[in-house]
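Heads up: the structure comes next, in structure tokens.
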Amino acid sequence: MLGVFLIGYSLSKVPLNELLVFVKNADYSWILLGMLCGLLSHLSRAYRWRFQLEPLGYKVRFANSIMAVFSAYLINYTIPRAGEVARASILTTYEDVPFEKGFGTIVSERVADLIVMSAIIGITLFIQFDFIYQFFIEKFNPLHIIIALVALTLIAFVGFRYIKSSQSTFALKVKKFLAGLLEGVLSIFKMKKKWAFIGHTLFIWSMYIVMFYVTTFSLTELQGISFGAVLLGFISATFSIAATNGGIGSYPIAVYAAFSLFAIPESPSMAFGWIVWASQTVLLVLAGGLSLILLPVFNKNKRAEITKNKDEV
């Protein structure tokens, strides 16, 4: 429902016929290059997953890893975060990897992604410090900012002390969750191919940023856009994906909100957001749909073997 509302909101800001003009005049060579970068990032994610599964004793076929990843992306467009569950289930079905172990590796890779995303935010804040500082000074009273930071620090401190000492059900669940996150992070450094894992993680996120950046060249109105604006737009767009299924409706608005800080006009900003989202969505829907079709075909003999082994046991 939220996605539908946001689609309506974005079209109220920039009418469909105006968006179509941008789409018609776009340079599709840059859009296709952006799609290629997106594809490479997804293939790298599928390959990286195997590094986490090998120490657990499972040598997963790359084709199955690829199809599981793309199937997960497609399913996330229907039910938020259901793709991760489906991804682990696919390995259980076709590679005989216990669900809890497969899902655990997905959680740990999300922790790695979170660390890289935090680093990107930190780098962006450093690069654009003067701009961001000036923006907040102009929009907010400095005293209010200081009070808010102090209040947040006190709340965080009190919350940490409470969680650490309390034995309530809520506190125990939070501690268990944080312990799991820490274990997931540390497990990355315990794997034999940790440097290959880290390398793929950096490559994945580099491709995400490059995908976003090269697509800006598809619109003449965005020629000369600063890399700082690209980074802020990318960060905003990335968070928007969690707001609605696959960023439906929220993605172009998030891009526009970030670009507006740099006085970039509304129409090309919104059009660019739709172009990036639509091109990557087409890629994921096609690859995800094809994966769901090919999985049972590719694993026909393997699935029969797994069933036979379970019956013998």
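Return the only residue of Ser236, Ser218 being at pLDDT 90 or above, surrounded by 17 or more Cβ atoms within 10 Å (Cβ to Cβ) and either over 20 Å from the mean Cα position of the chain (by Cα) or at positive phi (or both). Outline the logic, then answer.
On the way: Ser236 fails: either over 20 Å from the mean Cα position of the chain (by Cα) or at positive phi (or both).
Exactly one residue qualifies, and that residue is Ser218.
Cβ-Cβ below 8 Å, separation at least six or inter-chain, first residue in segment 122-136 and under 13 Å from Leu232 (Cβ atoms), second at pLDDT below 70: which pairs?
The qualifying pairs are Leu125/Ile132.
I'm checking my understanding of the structure. Among residues of segment 255-268 that are more than 13 Å from Ser236 (Cα to Cα) and at pLDDT 90 or above, which one is surrounded by the fewest Cβ atoms within 10 Å (Cβ to Cβ)?
First, the residues of segment 255-268 that are more than 13 Å from Ser236 (Cα to Cα): 262-268.
Still in the list and also at pLDDT 90 or above: 264-268.
Working: Ile264: 20, Pro265: 14, Glu266: 12, Ser267: 18, Pro268: 20.
If we take residues in segment 255-268 being more than 13 Å from Ser236 (Cα to Cα) and at pLDDT 90 or above, then Glu266 is surrounded by the fewest Cβ atoms within 10 Å (Cβ to Cβ).
Residue by residue, here is whether (1) modelled with pLDDT under 90; (2) farther than 15 Å from Trp277 by Cβ holds:
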site: Glu183; (1), (2): yes, yes
site: Thr201; (1), (2): no, yes
site: Met211; (1), (2): no, no
site: Ala229; (1), (2): no, yes
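The values are calculated or read from the model by the stated rules, or taken from the named source; none is laboratory data. Not measured: the values here are computed from a predicted model. Glycine also receives a Cβ, built like all others from the backbone with ideal geometry; neighbour counts cover every protein chain displayed.
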